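Have a look at the structure below, then the notes.
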Amino acid sequence: GLFGNPELPNNGKNNQHWIFWARHPKILNNNFDTTKESQTVFIGNIQNNIQLKYRDSTWVDVIQRYELILGQDYKYTNLEYLNIIGKFKYGLCLRGYGPKCHREIELMRLGTIPIFTPGCNMDYYNKLEENIHYLMVNNPEELKNKISSISEEKYNEMSKNCKHWYQSNCSPDGSFLVTMEIINSNT
């Protein structure tokens, strides 16, 4: 079995971590202006009690553009949302309904470095590496310290690594090739 979001079942079968996908993959593969104008962003909804448990205003003072909306309706269309997050260097990833979120895939496609927090799952067939593809922080204070220690050169390298990982794993061609690699390595 190939699993994108949950933990692998421990059932004695040949189960593999797989890829994950954006909320609207077709839109994500448009061309975007990803000129970075700002530092940090989080835009998200709370649509159920599980999301409420993991998302709060703890981060509001350290995230430059922090928008947490309560309700089923989205404030932005998907295209508007992607255009906004693509203009930031770093994007906060808070666990949502599940341990993975579409947000990390969308951020990486746009060269915006994901900032993972406790409870986020980063298990993929082709691994993401801390300080290569993402940052990991436990609290807002740690986030400020980590970002301030990253040089422009290191940021540019990480941003490029994110785009490359997305292309190799979650773009239409990349996800197909990863799926075929997993299948062929298990036949």
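The values are calculated or read from the model by the stated rules, or taken from the named source; none is laboratory data. If you're wondering where the values come from, they're calculated on a predicted model, not measured in any experiment. With ideal geometry, Cβ positions are generated from the backbone for all residues, glycine too; neighbour counts draw on all protein chains shown. Please note that ligands, DNA and RNA were not included when accessible areas were found on the heavy atoms of the full protein model with its side chains. Shrake-Rupley method; radii C 1.70, N 1.55, O 1.52, S 1.80 Å.
Tabulated data for the structure shown
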| read-out | value |
| --- | --- |
| Per-residue SASA entry for L79, accessible area with 1.4 Å probe, Å² rounded to 10 | 80 |
| Carbon and sulfur %, accessible surface of the chain computed with the full protein complex present, 1.4 Å | 50 |
| Vicinal HN-Hα couplings computed from phi for the stretch 125-130 (Karplus, 6.51 cos²θ - 1.76 cosθ + 1.60; Hz; Gly/Pro x) | 4, 9, 5, 8, 10, 4 |
| Cα shape, the stretch 80-146, gyration tensor, a/c 1.5 rule | rounded |
| Per residue solvent-accessible surface (Å²) - the chain, probe of 1.4 Å | 52 |
| Distance (nanometres) between label positions extended 7 Å along Cα→Cβ at N186 and Q72 | 3.6 |
| Residue-by-residue Karplus 3J(HN,Hα) for the stretch 84-93, coefficients 6.51, -1.76, 1.60, Hz, glycine and proline x | 6, 5, x, 8, 10, 6, 10, x, 6, 10 |
| Largest to smallest accessible area among F32, F176 [probe 1.4 Å] | F176, F32 |
| Sequence-separation-based contact order of the chain, relative, with Cα cut under 8 Å and 6+ spacing, percent | 22 |
| Listed residue (N5, M122, I50) projecting farthest to the positive dipole end of the stretch 1-139, Cβ model | N5 |
| Antiparallel DSSP beta bridges within the stretch 21-91, as percent of all bridges there, nearest 5 | 0 |
| For M136, solvent-accessible area (1.4 Å; no DNA, RNA or ligand), Å² | 40 |
| Calculated SAXS-style log₁₀ I(q)/I(0) at q = 0.17 Å⁻¹ - the chain, Debye, Cα scatterers | -1.14 |
| Residue-level accessible surface for S149, protein heavy atoms, 1.4 Å, Å² | 90 |
| Expected 222 nm ellipticity per residue - DSSP helices of 4 or more, -39500 (n - 2.57), all of the chain, to 500 | -10500 deg cm²/dmol |
| Residue-wise HN-Hα coupling along the stretch 29-44, computed from phi with Karplus coefficients 6.51, -1.76, 1.60 (Hz; x: Gly, Pro) | 8, 5, 7, 10, 7, 10, 4, 7, 9, 9, 8, 10, 9, 8, 10, x |
| Accessible-area order (highest first, 1.4 angstrom probe) of the listed residues D33, D173, D123 | D173, D33, D123 |
| Order of exposure, largest accessible area first, which applies to H164, H24, H102 with probe 1.4 Å | H164, H24, H102 |
| Computed Rg/Rh of the stretch 1-110, alpha carbon atoms with Kirkwood Rh | 1.01 |
